[in-house]
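Accompanying notes for the structure given below.
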Amino acid sequence: MSRSENGDERPPERFDDYAADRTDARFTDWCRERSEPDWTAAVDHRFTEQLRADTLDDAVFERYLVQDYAFLDALVGAFGHALGDAPSMAAKGRLAEFLGTLTDEENDYFVRAFDALGVEETDRTGPDLTPTTRALQDLLGRVAHEGGYAETLAVLVPAEWIYRSWAADPPARPERFYLAEWIDLHDNPDFDAFVTWLRAELDREGTAASPARQRRLERLFARTVELEAAFFESAYATGHEAGDQQGGAGQW
């Protein structure tokens, strides 16, 4: 194993080497471990910790939610592309069901949360996007148009898995409904089952891929994790600080 910048051991660069001494090696575990320390930075971010503890400032959550709603359209498009590329009708059905959740339940949540927070109509429909939001949109758009099913999964899996991880088992239900329901949307049996299934899809596709494609999938996964951590952090930025966030989709 190589060592990361903080001195911790990192998994080998080749999945075959990672799996060589493991009887239960999973491609998604390799990707997640390769994405450190960004994975931990995202899951244990001050934003998620404050949200779970009901101490998050409304202004921070509002900035986050406005950017996340702007990102939702790109996310729906990526899931739609994955649905079209899915190798079986069963897989298409799972993806179609989740798309229904994004466009119905989750969209309804955004509308009610915006009303409660007093978000202006212009910020709901045409906000100024941070560089991090644009980078995430660009990343999803590129994999949808330039990659295949596996490449799309390599971005969707970490995006959903991170949310399942930070939302799990909150210490107490926040009193503000828009915080409580945001946790509920990502901490329930249906979402847990979907993330488990989504990981299994990438496990299968990644294990069967060539070594060169495996490295490309791992880089897409890692870039998504990096941007997710930056996305949480960008909610704290105001004015010119918002322009100092990470941009660009990166090389893959």
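Every number here is computed from the coordinates shown, using simple stated rules; none is lab data. Worth saying up front: this structure is predicted, and the values here are computed from it rather than measured. Ideal geometry is used to build each Cβ from the backbone, glycine not excepted, and the neighbour counts take in all protein chains shown.
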**Q.** Candidates ASP58, ASP138, ASP21: whichever shows maximal mean-square fluctuation once the chain is modelled as a Gaussian network with Cα springs under 10 Å
**A.** ASP21
Q: Measure nothing fancy, just the Cα-based angle from helix 107-117's long axis to the longest principal axis of the chain, in degrees from 0 to 90, nearest 10.
A: 40 degrees
Q.
Eigenvalues of the Cα gyration tensor times 5, then square-rooted: what semi-axes does that give for the range 61-116, in whole angstrom, largest first?
A. 26, 12, 6
Q) So, how do all the Cα-to-Cα distances of the range 36-176 break down into 5 Å bins, in percent, from 0 on up? A) 2, 8, 16, 20, 22, 17, 10, 5, 1
**Q.** Environment charge at LEU139 (Cβ cut-off 12 Å; Lys +1, Arg +1, Asp -1, Glu -1)
**A.** -1
Q: Springs between alpha-carbon atoms under 10 Å, Gaussian network over the chain: tell me which of THR40, THR132, THR103 tops the mean-square fluctuations.
A: THR103
Q | Amide H contacts of ARG10 (H built 1.01 Å from N, under 5 Å, at least 5 apart or other chain) | A | SER2, ARG3, SER4
Q) Mind checking the log10 I(q)/I(0) for the chain at q = 0.07, 0.12, 0.13, 0.14 Å⁻¹? Debye, one equal scatterer per Cα, no solvent, two decimals. A) -0.23, -0.70, -0.83, -0.97
Q | Residue of GLU36, GLU228, GLU120 that the Gaussian network model of the chain assigns the largest fluctuation, springs spanning Cα pairs under 10 Å | A | GLU120
**Q.** Taking the C-alpha atoms of the range 3-110, convex hull volume expressed per residue in Å³
**A.** 172 Å³
Q. Taking only DSSP H segments of four or more residues, each worth -39500 (n - 2.57), what value at 222 nm results for the chain once the sum is divided by all its residues, to the nearest 500 deg cm²/dmol?
A. -21500 deg cm²/dmol
Q. Which value in Å does the Kirkwood hydrodynamic radius of the range 102-252 take, with 1/r averaged over all unlike C-alpha pairs and then inverted?
A. 17.1 Å
